[in-house]
Amino acid sequence: PDLFIVLGDRYEILAASLAAYISKVPIAHIHGGELTEGSLDDGFRHCITKMSNLHFVAHKIYKKRIIQLGEHPSTIYNVGALGVENIYKTNFFSKKILQDYLKIDLKKDTLLVCIQPEIARQPTTNLANETLAALEDYQDKNIVFTMPGADLFNDIIFKKIINFTKKKKNCFVFKTLGSHKYLSLLKYADVIIGNSSSGIIEMPTFKKYTINIGSRQNGRLKADSVIDVLPNRTLIRQAINKVYKAKLNKKKTNNPSKKINTSEEIFSIIKKANLKKCRTKKFYDILN
């Protein structure tokens, strides 16, 4: 291949990037320069950055961080987040169609819960326990769970969600919804609860609240619709109650990762890039 294009910070992506790097295939990396201090992803992301030749970031702060990692400024482009652009280009399911797909009455208040593992076993266990304990108080609302990704300690969360939702008619569990149904659910849910990046990147675009629990997303830029709380059941309940009492000012809510025509700009830059020249790179030293 002429170019390997990769997005994000997963360990599977790191393995594929290593293969491309060893094979001397240039790498274009999307979503570098970000921080998620409560997960292992920072190490994977920064390793991919150091092997990459072109960088497409979601904010000017992330560009600055990649320069700090020794990448030349001319190879780094602030294009915004593809996930945000995708929302504006998606033809969402209507509420009725989504209800039929999911077998959920979306006319009721709906909480979407996405819990991902923290960096170690104990914080993961504590976060899951405290979040689920807080949700016991909301049996009058739909509680929709999507299961965690393939991170270490995800089995803890799987088991606790399954045990919590047994015999609870207001709880709905999906291993995965797929992009179209998931984004449509974000559109109709009242709030997303947990520590998923979709609460930081996508949900603010819908002008909806995010209750971000724990440290996994520490370091990421956040819209004013994101409520950060410690993994404590009382604080989580207080945040949920705040969401239902507050009215989000849609005009003032701004997603820091939003830019226009993100995908078109990435395509245009790649099309013009001298990929043969990309095969070699030097460390950009900012020290004088």
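Results, tabulated for the structure shown:
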| read-out | value |
| --- | --- |
| Calculated log₁₀ intensity ratio I(q)/I(0) where the Debye formula runs over C-alpha points of the stretch 212-288, q = 0.21 Å⁻¹ | -1.05 |
| Hits among lysines - C-alpha to C-alpha of K282 under 26 Å, sequence gap 8 or more where chains match | K24, K50, K60, K63, K64, K271, K272 |
| Cα-Cα pairs of the stretch 69-220 separated by more than 25 Å (percent) | 32 percent |
| Accessible area expressed per residue, the stretch 129-288, with surrounding protein chains retained (probe 1.4 Å, Å²) | 55 Å² |
| Span per principal axis, largest first, for the Cα atoms of the chain (Å) | 60, 39, 36 |
| Protein accessible area in the chain, 1.4 Å probe - carbon and sulfur % | 55 percent |
| Gaussian network model of the chain, springs between alpha carbon atoms under 10 Å - residue of S257, S74, S198 with greatest fluctuation | S74 |
| The chain, dipole about Cα centre (Lys/Arg Cβ +1, Asp/Glu Cβ -1), debye to the nearest 20 | 720 debye |
| For the stretch 26-66 and the stretch 193-247, distance of Cα centres in Å | 23 Å |
| Where T90, T110 fall by accessible area, highest first, once all protein chains stay in place (1.4 Å) | T90, T110 |
| Accessible area of V144 in the full protein assembly, 1.4 Å probe (Å², nearest 10) | 0 Å² |
| Area of T280 that stays accessible when all protein chains are in place (1.4 Å probe, Å², to 10) | 110 Å² |
| Computed FRET value (nearest 0.05) for K96 with A120, which takes r as the C-beta separation and R₀ as 35 Å | 0.20 |
| Extension gain (nm, one decimal) between D2 and E37, 0.36 nm per residue minus Cα-Cα | 9.3 nm |
| Within straight-line cross-link reach of K281, aspartates and glutamates at Cα separation under 20 Å, skipping those fewer than 8 residues along the same chain | D2, E71 |
| The stretch 192-260: trypsin sites (Lys or Arg not before Pro) in DSSP loop, at most 13 other beta carbons within 10 Å | K247, K250, K251, K252 |
| GluC sites (Glu not before Pro) restricted to DSSP loop in the stretch 102-161 with at most 15 other C-beta within 10 Å | E136 |
| Helix runs (DSSP H) in the chain reaching 20 Å along axis by Cα, Kyte-Doolittle at least -1.0 | 121-135 |
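The values are calculated or read from the model by the stated rules, or taken from the named source; none is laboratory data. Here the structure is a predicted model, which means the values were calculated and not measured. With ideal geometry, Cβ positions are generated from the backbone for all residues, glycine too; neighbour counts draw on all protein chains shown. Calculation scope for accessible area: heavy atoms of the full protein, side chains included, ligands and nucleic acids excluded. Shrake-Rupley method; radii C 1.70, N 1.55, O 1.52, S 1.80 Å.
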